[in-house]
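Encoded as structure tokens, the structure appears first; notes follow it.
The values are calculated or read from the model by the stated rules, or taken from the named source; none is laboratory data. Bear in mind that the values here come from a model prediction, so they are computed numbers and not experimental data. Virtual Cβ from ideal backbone geometry, glycine too; neighbours counted across all protein chains shown.
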Amino acid sequence: MHEFRYVGGQLHCERAAVAALAEQHGTPLFVYSQGTLQAQYERLDSALAPLDHRICYALKANSNLAVLRTFAQAGAGFDLVSGGELERVLAAGGDPSRCIFAGVGKTEGEIALALRHGIYALNAESEAELARIDRVAARLKRVAPVAVRVNPNVEAGTHAKITTGTYDNKFGIAFEEVEAVYARAARRRHLRLRGVQMHIGSQLTAVQPFERAVRKVAPLAETLRARHGLEFFSIGGGMGIVYRDALASGAPAWWRSAAARRLVTPARYAAVLVPLLRPLGLKILLEPGRFLVGNAGILVTRVEHVKRTGRKTFVIVDAAMNDLIRPAFYDAYHEIVPVRRRGGRRRAADVVGPVCESGDYFCQDRPLPQVREGEYLALMSAGAYGSVMGSNYNSRPWAAEVLVRGGRSSVVRTRQAVVDLWRGERLAAWQG
């Protein structure tokens with residue numbers, strides 16, 4: 001799963017001691033394992049070898065240039081949702097002809113940028129967007145490669161804020177309307193119907209929702225291929241990761257449970273989907289994000305105080321919701337472990353940050369080893385939707401980020417300087 005483990009009682013990322021990285025670079029600090037990034041990509045790529053396929057990494061999960069370069073060098077394409085993400089891919093050495101551009105609200109400027117750089121396909125999510133793409137392509141004297149995003153109305157069984165494949169969501173075109181939409185789009189001179197796409201949600205931990213969606217949409221993809229000469233079927237992303245017991249050593253009870261036996265893995269994913277997809281004769285695209293990067297990163301934080309009241313124990317740390325918002329935003333679980341392994345009795349505690357919000361917490365009433373001021377904690381599985389969703393709330397600088405390969409480490413994002421927080425701001429002309 002990942003390259004974080006205790007060695008001699010000290011947490012390591014590959015062969016680098018996490019405490020030494022924190023001492024050298026300060027905290028809060030994101031630490032990424034390049035070996036884990038590569039291994040996750042290779043596991044998925046190998047499992048899908050029977051298919052003509054392309055993995056398009058969804059860089060909204062983690063858009064650090066060093067992370068993108070790792071995947072570009074592995075042969076990945078990229079799933080983009082903004083013009084800024086396309087610019088990041090270019091800066092990291094990625095190939096835009098292996099990229100797809102998704103999102104419900106692409107501006108004319110973003111569409112033009114994508115076409116100028118030779119994007120593989122623009123995934124359109126409405127007829128209004130198809131008309132806009134056609135109009136921009138005509139102005140540029142180009143033909144735009146497009147795919148329509150199908151909303152299959154399949155319940156993914158995930159968190160309400162990250163489900164995307166039902167008619168209550170803003171994404172895609174209703175399944176029943178898609179054939180007619182393709183027929184009308186085929187009459188537009190500046191569109192090339194290159195594929196069809198779907199995506200039902202994020203952090204899916206069982207294979208059954210993927211199977212239901214593919215079984216529903218695959219016959220439609222086959223029909224559209226026959227009518228319009230499509231090249232690809234994109235089945236989206238959404239493969240989940242383990243957040244609980246993410247640092248488990250050996251085989252704890254959870255891993256032997258029925259839930260673990262149902263957990264989606266590349267092998268289980270491929271075993272179910274390859275037989276459904278291979279007969280289509282289409283290139284299969286998929287857009288994983290969290291699966292590739294989630295367990296490849298941790299957030300290291302320093303204990304500032306341990307505060308005990310009559311009812312609660314608060315472990316106050318220097319990281320906050322502006323660094324990792326998932327617990328505050330989604331009530332998401334992240335395993336929290338001491339960087340120096342501790343035994344002894346565990347006590348229920350809240351791990352909280354210094355931001356002036358009651359929602360600024362990483363866990364509540366969780367049994368944790370007893371820690372002291374100055375010690376380091378690691379929030380596991382912070383490689384996805386961590387730094388990338390960060391903010392400067394409370395005028396807090398962005399955390400530094402470090403990439404580790406074997407025993408080597410490199411700063412891949414410097415800690416933001418405080419003066420950069422207001423760079424670009426200025427007083428009004430009349431304020432003197």
Residues of segment 1-37 that turn out to be more than 15 Å from Ala400 (Cα to Cα) and among the acidic types (Asp, Glu), as a count: 2
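Output the residues belonging to segment 305-325 that are touching a residue at least 12 places away in the same chain (Cβ under 8 Å) and out of contact with any strand residue (DSSP E or B) (no Cβ under 9 Å at 6 or more places or on another chain). Break it down stepwise before answering.
Start the filter on segment 305-325 by keeping residues that are touching a residue at least 12 places away in the same chain (Cβ under 8 Å), which leaves 305-306, 312-325.
Of everything in segment 305-325, those that are touching a residue at least 12 places away in the same chain (Cβ under 8 Å) and out of contact with any strand residue (DSSP E or B) (no Cβ under 9 Å at 6 or more places or on another chain) turn out to be Asn322, Ile325.
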Criterion: polar (S, T, N, Q), closer than 22 Å to His2 by Cα and surrounded by fewer than 20 Cβ atoms within 10 Å (Cβ to Cβ) - qualifying residue of Ser410, Ser381, Ser358, Ser395: Ser410
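With assigned to a loop (DSSP other than H, G, I, E, B) and touching a Phe, Trp or Tyr at 6+ places or on another chain (Cβ under 9 Å) as the only criterion, which of Asn295, Asn322 stands out?
Details: Asn295 fails: assigned to a loop (DSSP other than H, G, I, E, B).
Residue meeting the stated conditions: Asn322.
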Segment 24-68, subset more than 30 Å from Arg302 (Cα to Cα) and assigned to a helix (DSSP H, G or I), residue nearest to the chain's Cα centre (by Cα): Tyr41
Lone qualifier among Phe210, Phe233 - being in a helix (DSSP H, G or I), among the aromatic types (Phe, Trp, Tyr) and either closer than 17 Å to Ile284 by Cβ or modelled with pLDDT under 90 (or both): Phe210
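Looking only at residues in segment 363-404 that are in a loop (DSSP other than H, G, I, E, B) and among the acidic types (Asp, Glu), which one is farthest from Thr36 (Cα to Cα)? Before you say what the answer is, go through the steps one by one.
Here is the first cut: in segment 363-404, the residues in a loop (DSSP other than H, G, I, E, B) are 370-375, 380-386, 390-392, 396-399.
Keeping just the survivors that are among the acidic types (Asp, Glu) gives 373, 375.
Numbers: Glu373: 31, Glu375: 26 Å.
Ranking the candidates gives Glu373 first.
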Filter result (surrounded by fewer than 22 Cβ atoms within 10 Å (Cβ to Cβ) and not in a loop (DSSP other than H, G, I, E, B)) within segment 86-106: Glu87, Arg88, Leu90, Ala91, Pro96, Ser97, Arg98
Residue check for Leu324: at pLDDT 95 or above and in contact with a His (Cβ under 9 Å, 6 or more places away or on another chain): yes
